Amino acid sequence: MSPTGKLKLIDRVSAINWNRLEDEKDLEVWDRLVGNFWLPEKVPVSNDIQSWNTLSEPEKLMTTRVFTGLTLLDTIQGTVGAVSLIPDALTPHEEAVYTNIAFMESVHAKSYSSIFSTLLSTPEIDDAFSWSENSPHLQKKAEIVLEYYRGDEPLKRKVASTMLESFLFYSGFYAPMYWSSRAKLTNTADLIRLIIRDEAVHGYYIGYKYQKGLEQLTQPEQDELKAYTFELLFELYENEAEYTESLYGELGLVDDVKAFLRYNANKALMNLGYEALFPKEDTDVNPAILAALSPNADENHDFFSGSGSSYVIGKAVETEDDDWDF
Amino acid sequence: MGSLVYFSSVSENTHRFVKRLGLEELEMAVRRIPLRPADGFLQVDEPYVLVVPTYGGGNEGGAVPRQVRKFLNDERNRSFIRGVIAAGNTNFGAAYCIAGDIIAAKCGVPYLYAFELLGTAQDVTRVRNGLARFWQQQPQNPPRQVPLSA
């Protein structure tokens, strides 16, 4: 923010020419985002009403709070986060990609409301939103990220944004994957999977642009940003651990959620070009959760470790690409 | 000893993974598929394992990078492939690392390993050791007979 309190805008705009690219990644990601476009209306969440009614009160409360927390993060990313990256963009096409990201974050935020309106009464929804205003850990998470968005350091803004896209959402995403692994709220989980897919592209792209920016700096400046990134990760992780305790403690899921958090923290670091921090034994996600996230992840694609003599030759996969010659 | 062929976009994620493998120490040749058509065409003449990123999305179209499809469309290049390793992100659900499934099925070679993003230290060790063993076990064979059309 500038001293007047207005969001800084770029000074001069030239007509965007998509036929002259400075960074081909911009077009590739734009195409990917457009190809992945979706709206919550296409997911039949109302089919989950019966399943919802089988949950206990503490389970319902946890789930409702998780979704309110996610709504807050998506609102931040849609109205502040992605927009704050626009003035720092290196190319006009990068600016356009951020407008796409900002819009999709607003779609995500709205999709939680469609889950709420299907499963909850109006007073219950109001209660959940007032909880989100008063949860210290949720508010702290929002405050940490917002502080960087308001600051005047473009690369730190990208670090904070990648952390949000690739790490901070996952204390919440755990819950629908948990329900899906138990064959509950499966339509809601389908919707959340679409959000998870989008966040992967967002985190990848913003992290990539961070690395492009980093290349322009001197070694000491790069070292400083790396140290800053890890410090921020630790600060956020500590808060996430407490937030997790407050959401999942009563249900006995805290350790399981934390492994999922560390797994995703590693991925956030990798999106920023850094090596994973948490060792394997700390990031072993419950296989049921991993399978709910990706049915392909639990297949044995490790021929090398030699646990068996067989390997996967690959399922027949229909591709839409018509430029294969064989 | 066989070789390794890889593709990496300007993000350099797969490039960094391959560099960390330190295959030169194992005297394994490493070749990169050019980023753009203007950068030339890679022609290989010895057996290789292919390492590819999966381009992420819900639909499988475009999961295998275009430059890799072009590389494999060349019959001679295709005749030397012995296995595939794919990178990806579990966030893409069923499409996680699906480039490996597609190439393994199309070329009839084993899908050796899948890893996420830059790969972890454990992924690097497993793939490095695995490749060394894999090539020791391969017969010193002539180019595989690949049907002209599938």
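List of remarks:
- Residues being of a type in the set (Asp, Glu) and away from every other protein chain (no Cβ under 14 Å) - total across segment A:197-235: 5
- When B:Leu72 is tested against (1) free of Cβ contacts under 8 Å to residues at least 24 places away in the same chain; (2) farther than 18 Å from A:Val29 by Cα, only condition (1) is not met.
- Selection over segment A:176-197 of residues that are crowded, with 24+ Cβ neighbours inside 10 Å, within 11 Å of the chain's Cα centre (by Cα) and in contact (Cβ under 8 Å) with a residue 24 or more places away in the chain gives a count of 1.
- Selected residue (only one of B:Phe92, B:Phe71 is facing chain A (nearest Cβ under 7 Å), in contact with a helix residue (DSSP H, G or I) (Cβ under 8 Å, 6 or more places away or on another chain) and not β-branched (Val, Ile, Thr)): B:Phe92
- For segment A:23-46, the condition of being surrounded by fewer than 16 Cβ atoms within 10 Å (Cβ to Cβ), among the small types (Gly, Ala, Ser) and farther than 24 Å from A:Lys110 by Cα holds for none of the residues.
- Any hit, segment B:37-56, residues being within 30 Å of A:Arg197 (Cβ to Cβ) and among the charged types (D, E, K, R): no
- Restricting attention to segment A:249-278, the residues being more than 12 Å from every other protein chain (Cβ to nearest Cβ), of a type in the set (Gly, Ala, Ser) and either within 14 Å of the chain's Cα centre (by Cα) or not in a helix (DSSP H, G or I) (or both) number 2.
- Verdict on A:Phe173 being modelled with pLDDT of 95 or more, under 21 Å from the mean Cα position of the chain (by Cα) and farther than 30 Å from B:Ala94 by Cβ: no
- In the set (1) among the hydroxyl-bearing types (Ser, Thr, Tyr); (2) within 9 Å of chain A (Cβ to nearest Cβ); (3) assigned to a helix (DSSP H, G or I), the condition left unmet by B:Tyr113 is number (3).
The values are calculated or read from the model by the stated rules, or taken from the named source; none is laboratory data. In this text the structure is predicted, and so the values were computed from the model without any measurement. Cβ: placed from backbone, ideal geometry, glycine included. Neighbour counts: every protein chain shown.
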